[in-house]
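See below for the structure under consideration.
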Amino acid sequence: MSAFASFRRGSEIDSEWCDAGLVIIDLSARIVAAESSYSQPQPEGEVCYHDGTKLTDVSVPYRLPADWLFVSSVEAHRWACDRHRLQRAEKLLLDARMVLYGSALLEFVVKFGVARLGKSPERTDDVTEAQLAQEITRTHATWLMTPRDDLRGRSPREVLLEKQDFIDFDLHTRSLQWTFQGEGPPCLAPDTFAYRHAGFGTHEWVVYYDMVRHLLWRATELDCLDVDGALSSLEQVKDAWLETGDGEYEGKVPAIIIDNERRRLPQAMSAAEMIIDDDCDLCRMSALEAEMGFGPAFWHLDGSHMDDGFAFSPCVTLEEWEAENRRREEFSREFERDWEERQQRLGRGEANDDDETGDDDETDDDVETADDGENANDGEMAN
């Protein structure tokens, strides 16, 4: 039976209350209007999972995209619906991925490569790899930060970060649901609006960074000034990298990482993948728990290898990035002060606070230790 079997069709909104009120869910305008004597829908919260026959005890958090409007009357819906439908129709005409992955990107990269090829042989030969890396970083930042007409006056960076928090939250809630239910959650179908117009989460933000960086390095290897030939060559390089990743991401395919995030499918890890370090007790314990069915672990990209600088940070605004840097610097200064004080106390033969147990009767059995396993990859593991 359809989930909407109890609904009835109509060209006009019936504003007569039924039971305790009425709710209008306008999908085309993305408006929820509710007149109720006991409840008020919200854009964020949690619902109990329904297994098809009954509600379960599993609570699933949800959050709607920021462009949904919640109003408290039918009248408010009437005056807002036309404006919201027009705004949404305008958004539907823009496919940002066609710009970010298409000819606009390749033309920018080829222009960089041809410009370098056009330099005098002496200058080109004298450039060290470190200098070239700096040049590539500046060029990459220019691509991300420059507003474009084909993105309606926004920069690629603005588009990439616009819905990152929302996508990350959605992927996180699907991970929770998988953990609670013991099976993977339903995914978005490729023909749905949410998939076709999905924003960019952290996974795609990181993969996109690596792809652009890879293309810029390959552009330095161009051996001709034929722009059309260079475009065709870099198109093949881009497609090949998306399908293989050159062994990055612990063997995972970049295109599949992106697609899984768009479908809201968490990247589950096998028990073997959890053992990052053979000498890590925590890794072995997590792998054993997964084999015993105590819940999956999930693989994430965090961008820890990306260049410093505002252009490559996940901070939406420069002010946010500067504030984050101040917090990091203050933490480092405090850590260094504490470390210096500790070293001075040790030099004087004094006991440190962290060397004192606080319990003279404590035995060896009361102390638990665990080896820390360092993950040398960009992926993270989370139960």
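The values are calculated or read from the model by the stated rules, or taken from the named source; none is laboratory data. On a predicted model such as this, the values are computed, not experimentally measured, just so you know. Because the Cβ atoms are built from the backbone with ideal geometry, glycine has one as well, and the counts that use them run over all protein chains shown. Heavy atoms of the whole protein, side chains included, go into the accessibility calculation; ligands, DNA and RNA do not. Shrake-Rupley method; radii C 1.70, N 1.55, O 1.52, S 1.80 Å.
A few remarks follow.
- Where Ala376 falls short, out of the listed (1) under 23 Å from Glu250 (Cα atoms); (2) among the aliphatic types (A, V, I, L, M); (3) loosely packed, with under 13 Cβ neighbours inside 10 Å; (4) at pLDDT 80 or above: (4)
- Residue within the stretch 88-111 that is more than 27 Å from Ile258 (Cα to Cα), open to solvent by less than 30 Å² (accessible area, probe 1.4 Å) and at pLDDT 80 or above present: no
- Of everything in the stretch 172-191 that is in a loop (DSSP other than H, G, I, E, B) and modelled with pLDDT of 90 or more, the residue that is nearest to Val110 (Cα to Cα) is Pro190.
- Val212 meets each of the listed conditions (1) crowded, with 20+ Cβ neighbours inside 10 Å; (2) within 14 Å of Glu261 (Cβ to Cβ); (3) out of contact with any Ser or Thr (no Cβ under 8 Å at 6 or more places or on another chain) apart from (2).
- Going through (1) touching a residue at least 12 places away in the same chain (Cβ under 8 Å); (2) surrounded by 12 or more Cβ atoms within 10 Å (Cβ to Cβ) one by one, His50 falls short only on (1).
- Residue match in the stretch 189-202 (condition: open to solvent by less than 10 Å² (accessible area, probe 1.4 Å), in contact with a helix residue (DSSP H, G or I) (Cβ under 9 Å, 6 or more places away or on another chain) and of a type in the set (S, T, N, Q)): no
- Verdict on Val207 being among the β-branched types (Val, Ile, Thr), buried (at least 20 other Cβ atoms within 10 Å of the Cβ) and within 20 Å of Gly102 (Cβ to Cβ): yes
- The one condition in (1) touching a strand residue (DSSP E or B) at 6+ places or on another chain (Cβ under 6 Å); (2) of a type outside the set (A, V, I, L, M); (3) open to solvent by 80 Å² or more (accessible area, probe 1.4 Å) that Thr56 fails to fulfil: (3)
- Gly182 meets all of the listed conditions (1) crowded, with 16+ Cβ neighbours inside 10 Å; (2) closer than 28 Å to Glu44 by Cα; (3) not β-branched (Val, Ile, Thr) but one, namely (1).
- In summary, Tyr195 fulfils each of the numbered conditions (1) part of a loop (DSSP other than H, G, I, E, B); (2) over 30 Å from Arg116 (Cα atoms) with the single exception of condition (1).
- Checking each residue in the stretch 136-171 for being without any contact (Cβ under 8 Å) to a residue 12 or more places away in the chain, assigned to a helix (DSSP H, G or I) and either β-branched (Val, Ile, Thr) or open to solvent by less than 60 Å² (accessible area, probe 1.4 Å) (or both) picks out only Thr142.
- Tally, over the stretch 254-263, of residues that are open to solvent by 40 Å² or more (accessible area, probe 1.4 Å) and free of Cβ contacts under 8 Å to residues at least 24 places away in the same chain: 2
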